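Since the structure comes first, as C-alpha cells, the remarks are kept for the end.
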Amino acid sequence: MSSSYVLRGRTALVTGATSGIGRAIARNLAGQGAAVVLHGRDQGRGEALVKELAAEGAKARFIAADLSDAEDTLRLAAEAGAVDVLVNNAGLYELASTPATDAASFDRHIAVNTRAPFLLVGALAPAMAERGHGSIVLVGSSSTRMPAPIGAAYGASKAGAEILTRYWATEFGPSGVRVNAVSPGPVHTEGTRAMLGEHIAVLDSVNARGRAGDPAEIAEIVSFLAGPASSYVNGAVLFADGGERGALPT
C-alpha cells in the first residue's frame, strides 16, 4: 500500500475490478486511501479481493452486476451510492472480422463498452456535481486510433465511449467534475494471455518501448487522473501505449 493517502475520505467505484487492469486500479486507489467499491461478475473473486484489501488496511466492498443488462447496470449505481471517483474500466472484446460479427455480438460490445459507462455517468455524476467535486476516468483502447483487420465492433464501441468522455467533460466540468480517459496499448493481462496463447510474445514487439505494459502502470495513470494532482486536466485522452514505432530506415 502507498504511504500517500491523497484519496482518503473518497469513495471510488471501479468496474471490472476483479482481474487485469481493473484489479490493479482498485488496488492502487485503495493504496491512495480511497474506499473502493469493486464491481465484477465473479462473486468469489470479488470477495477474495475484498478480503485481500482489508488485510492490508483498506476499505472495500464488492457488487456483482451484468453490465450488458441496463437494469443491472443501474442497480450497480444505486448500490454503490455516493461515489467521488468512477472508473469505467470493464470491457468486452470479441476480436472477429466484420462478416463474422453478428448483431448480437455487436450489441454486446455497445452495451458493455459504451452504454454501461453512459448509464453509470448519468446515474452518478449529478450527485458529484451537487457536491462540487468528482473524477470520472474511462479506460479506453488504442484501437480507437490504430485500426486493425479485425475487431471493428470493439473499436467502434470504445470510440463511442471516448467521445462521450469529451462530452461529459464539457457537461460536468463547470460543476467541478473532471472526466478524462487513458488509452492503453497492449498490456499483459489474463485476458490477453488467454486470447493470444503461445503468441503472447508478439505484444512485446509492437511499440517503441519494446515491451507490452503492465496493469500496474495503467493503474498509476488512472490514479493520477482521479486525484488532485491532475486538477486542471479535463476532457483529455492520455495515450499509454509505449509510443509508436518509427519508420524503418530504407
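The values are calculated or read from the model by the stated rules, or taken from the named source; none is laboratory data. The shown structure was predicted, so the numbers you read here are calculated from the model rather than taken from an experiment. Don't worry about glycine lacking a Cβ; one is built from the backbone with ideal geometry, like all the others, and counts go over all protein chains shown.
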Counting only residues that are of a type in the set (A, V, I, L, M, F, W, C), assigned to a helix (DSSP H, G or I) and over 17 Å from Ala169 (Cα atoms), how many does segment 117-158 have? 3
Could you list, ordered by first residue, the pairs with Cβ atoms under 6 Å in which the first is in segment 230-249 and surrounded by fewer than 17 Cβ atoms within 10 Å (Cβ to Cβ) and the second is modelled with pLDDT under 75 and part of a loop (DSSP other than H, G, I, E, B), at least 6 apart or interchain? Gly243/Asn207; Gly243/Ala208; Gly243/Arg209; Arg245/Ala208
Taking the criterion of being outside any helix (DSSP H, G or I), under 24 Å from Tyr5 (Cα atoms) and modelled with pLDDT of 95 or more, would at least one residue in segment 182-191 satisfy it? yes
For segment 3-35: of the residues being under 14 Å from the mean Cα position of the chain (by Cα) and outside any helix (DSSP H, G or I), which is surrounded by the most Cβ atoms within 10 Å (Cβ to Cβ)? Val14
Close pairs from segment 2-23: first farther than 19 Å from Leu49 by Cα, partner assigned to a loop (DSSP other than H, G, I, E, B) and polar (S, T, N, Q), Cβ under 8 Å, at least 6 apart: Ser4/Gln32; Tyr5/Gln32; Val6/Gln32; Leu7/Gln32; Arg8/Gln32
Please tell me if Glu52 is at pLDDT 95 or above, closer than 17 Å to Val121 by Cβ and either assigned to a helix (DSSP H, G or I) or in contact with a His (Cβ under 8 Å, 6 or more places away or on another chain) (or both). no
Kindly indicate which of Ala54, Ala159 is on the phi < 0 side of the Ramachandran plot and either surrounded by 14 or more Cβ atoms within 10 Å (Cβ to Cβ) or touching a helix residue (DSSP H, G or I) at 6+ places or on another chain (Cβ under 9 Å) (or both). Ala159
For the subset of segment 214-250 comprising residues that are in contact with a Gly (Cβ under 6 Å, 6 or more places away or on another chain) and part of a loop (DSSP other than H, G, I, E, B), which member is modelled with the lowest pLDDT? Gly242
Report yes if some residue within segment 58-67 is assigned to a loop (DSSP other than H, G, I, E, B), modelled with pLDDT under 95 and either among the small types (Gly, Ala, Ser) or touching a Ser or Thr at 6+ places or on another chain (Cβ under 9 Å) (or both); otherwise report no. no
